[in-house]
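S.K.: One structure, as structure tokens, below. Some questions next.
The values are calculated or read from the model by the stated rules, or taken from the named source; none is laboratory data. Because the structure is a prediction, the values reported are computed rather than measured. Positions of Cβ are generated from backbone atoms using ideal geometry, with glycine treated the same way; all protein chains shown enter the neighbour counts. These accessible areas exclude ligands, DNA and RNA; they are computed on the full protein's heavy atoms, side chains included. Shrake-Rupley method; radii C 1.70, N 1.55, O 1.52, S 1.80 Å.
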Amino acid sequence: MTQHKHRVVIFLGPPGAGKGTQAERLAGEQHLVKISTGDILRDHVARGTELGQQVAPLLKAGKLVPDELLMALIRDRLASMESVRVIFDGFPRTLMQAQELDMLLEELGAPITAVPLLEVPDELLIERIVERGKTSSRNDDTEAVARERQEVYRLQTQPLIDYYAARGHLKPVGGVGSMDEVYARLLSVLGDR
Ligand code: AMP
């Protein structure tokens, strides 16, 4: 396995910033695996697995799932990869997760490539989530839960901005504009265009 094949991109940004959409496109174009912890957890809920039953009330309330559960999921996903070529969407969300991810990546010899931060003003975020809720069938895409998720982001996830900035990984990207505009900005901060 050669070192240069690894690529690890971590998408940071509040709920509703458009991380999923942008990550999906980047993954498709750069042959990376998108690891969306929200999607993985919703899949467990939909299948009614033991984990799904455990986390369903947390998702519905907009609260975070315990770090240990998340780390077990991530370890599993990465362990099966020959080279680590991933985009994390919605992970890590706490300092603990970020530190554990650093340790795991070190074990795997796969350093972080970049941490794009999608920036969108607060007032637009709730609007976007409520709009998405009309078609997403996500029970956390309501205004009340969206507000709770913003608060959880502010308290638990925002400290990661400083964490990754201090390590030189953070790449702010303006998240307002069309999908294409935001994507072009993303590629430019990643040095890919
Ligand atoms: P998302 O689709 O990223 O907005 O995630 C939806 C929900 O899944 C969150 O509100 C949390 O309940 C849970 N979740 C997703 N990723 C994580 C994570 N990294 N840590 C804790 N909980 C998470």
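S.K.: Taking only Cα atoms and a 10 Å spring cutoff, compute GNM fluctuations for the chain and point out the largest among ARG85, ARG167, ARG154.
M.R.: Result for the chain, Cα springs under 10 Å: ARG167 fluctuates most.
S.K.: Let me ask something additional. Shape of the chain from its Cα gyration tensor (a ≥ b ≥ c, root eigenvalues): rounded if a/c is under 1.5, otherwise prolate when a/b > b/c, or oblate?
M.R.: Since a/c reaches 1.5 but b/c is at least a/b, the shape of the chain is classed as oblate.
S.K.: Leaving out ligands, DNA and RNA but keeping every protein chain, what accessible area does SER178 have, in Å² rounded to the nearest 10, with a 1.4 Å probe?
M.R.: 50
S.K.: OK, next. Suppose all protein chains stay in the model; what accessible area per residue would a 1.4 Å probe give for the chain, in Å²?
M.R.: Accessible area per residue: 51 Å².
S.K.: In nm, to one decimal, how far is the MET81 label point from the LEU124 one, both placed 7 Å along Cα→Cβ?
M.R.: 2.9
S.K.: Then there is this: Check the straight Cα-Cα distances from LYS171 and name the lysines below 16 Å, setting aside those fewer than 8 residues away within the same chain.
M.R.: Straight-line reach from LYS171, under 16 Å: LYS19.
S.K.: Just grab the label-to-label distance for GLU68 and GLN156, each label 7 Å out from Cα along the Cβ direction, in nm (one decimal).
M.R.: About 1.6 nm separates the two model spin labels.
S.K.: For ALA166 and ARG47, FRET efficiency with R0 = 41 Å and r from the beta-carbon atoms, rounded to 0.05? Mind dumping the intermediate values first?
M.R.: Numbers: r = 39 Å, r/R0 = 0.95.
E(calc), rounded to 0.05, equals 0.55.
S.K.: So for segment 1-98, averaging the separation of alpha carbon pairs under 8 Å that are six or more residues apart and normalising by length, what relative contact order in percent results?
M.R.: Value for segment 1-98: 48 percent.
S.K.: While we're here: Pop a pseudo-label 7 angstrom from the Cα along the beta-carbon direction at both GLN99 and ARG147 and give the gap in nm to one decimal.
M.R.: 3.3
S.K.: Hey, another quick one. For n ≥ 4 DSSP H runs only, could you compute -39500 (n - 2.57) per run for the chain, divide by its residues and tell me the 222 nm figure to the nearest 500?
M.R.: About -17000 deg cm²/dmol.
S.K.: Which percent of the accessible heavy-atom area of the chain goes to carbon and sulfur, probe 1.4 angstrom?
M.R.: For the chain, the apolar C and S fraction of the accessible surface comes to 52 percent.
S.K.: Something else: Under 18 Å from a point 7 Å along the Cα-to-Cβ line of THR21: which residues of segment 156-193 have their amide N that close?
M.R.: Residues 173-188 fall inside that zone.
S.K.: Okay, next question. What figure in square angstrom, to the nearest 10, would you give for the accessible area of LEU69 with a 1.4 Å probe?
M.R.: Estimated to the nearest 10 Å², LEU69 gives 50 Å².
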